[in-house]
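Asker: One structure, as structure tokens, below. Some questions next.
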Amino acid sequence: MKGEHGEMMTKANACSFARVSDVARLIIAPHVRSLHPDAWVALGNSPRLLPRTGLNRRAQAFRLRPRIGCSRTAERLFRLSGSGNPTCVQCPADETIDHILLQCPGYDDHRRRLFGAYSRLGLPQLCLDELLFPSTQHSKLQQACYALVDFFGDADLFTRL
């Protein structure tokens with residue numbers, strides 16, 4: 001079998017190539033991992049698994065999208081397609097998951113109920129990570145998942161996002 005420059009491919013050449021590619025993979029993989037948006041994964045740890053919540057498949061998929069940054073918010077759709085309007089339907093700010101869950105005055109009542117549920121469970125609710133990745137025992141985690149899905153459902157965002 002002939003190689004790229006006409007020389008014969010031997011087992012030694014193939015093994016050498018395999019070793020070079022393995023070394024390249026070992027050098028490149030940590031760099032690519034360090035660029036991951038989740039700090040936990042960027043440090044070389046496995047991604048946090050979604051807990052078993054008892055939610056149906058559609059609700060579980062919906063809950064996963066904000067966690068991995070793939071929600072269909074107006075800002076993201078505008079950024080990806082260049083069409084439409086990136087602003088929130090409730091206020092003039094850009095519509096992001098962070099904006100919806102923490103800042104938008106149009107969702108204040110829904111947010112109060114969500115924060116109340118998190119408070120009753122003893123969970124912090126100061127930042128987006130605390131809302132999307134609550135750290136607690138399984139029974140409370142399940143209730144937090146339901147509270148978050150209820151927030152989006154009550155705010156009529158479940159079908160749109």
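Asker: Taking the range 53-85 on its own, how many of its residues are free of Cβ contacts under 8 Å to residues at least 24 places away in the same chain and either over 26 Å from GLU95 (Cα atoms) or assigned to a loop (DSSP other than H, G, I, E, B) (or both)?
Answerer: So the count comes out to 6.
Asker: Scan the range 31-63 for residues that are of a type in the set (S, T, N, Q), at pLDDT 75 or above and surrounded by 14 or more Cβ atoms within 10 Å (Cβ to Cβ) and jot them down.
Answerer: Of the range 31-63, the ones of a type in the set (S, T, N, Q) are 34, 45-46, 53, 56, 60.
Among the residues that remain, those that are also at pLDDT 75 or above are: 34, 45-46, 56, 60.
If the condition is that a residue be of a type in the set (S, T, N, Q), at pLDDT 75 or above and surrounded by 14 or more Cβ atoms within 10 Å (Cβ to Cβ), then GLN60 is the only one that fits.
Asker: If you don't mind, there's one more thing I want to ask. Examine the range 64-73 for a residue that is aliphatic (A, V, I, L, M) and modelled with pLDDT of 90 or more, and state whether such a residue exists. Spell out the reasoning first.
Answerer: First pass over the range 64-73, keeping only residues aliphatic (A, V, I, L, M): 64, 68.
Retained after the next criterion (residues that are modelled with pLDDT of 90 or more): none.
No, the range 64-73 has no match at all.
Asker: Quick check, is SER34 over 27 Å from ALA93 (Cβ atoms) and touching a helix residue (DSSP H, G or I) at 6+ places or on another chain (Cβ under 7 Å)? It would help to see each step written out before you state the result.
Answerer: On the way: over 27 Å from ALA93 (Cβ atoms): yes; touching a helix residue (DSSP H, G or I) at 6+ places or on another chain (Cβ under 7 Å): yes.
Yes; evaluated as a whole, the condition is true for this residue.
Asker: Need pairs with beta-carbon distance below 8 Å; first residue assigned to a helix (DSSP H, G or I) and within the range 123-146, second at pLDDT below 90 and of a type in the set (A, V, I, L, M); sequence gap 6+ or separate chains.
Answerer: Pairs that qualify, where the first residue is assigned to a helix (DSSP H, G or I) and the partner is at pLDDT below 90 and of a type in the set (A, V, I, L, M), are CYS145/LEU55; TYR146/LEU55.
The values are calculated or read from the model by the stated rules, or taken from the named source; none is laboratory data. No experiment lies behind these values; they were computed from the predicted model shown. Every residue, glycine among them, receives a Cβ derived from its backbone with ideal geometry; neighbour counts consider all protein chains shown.
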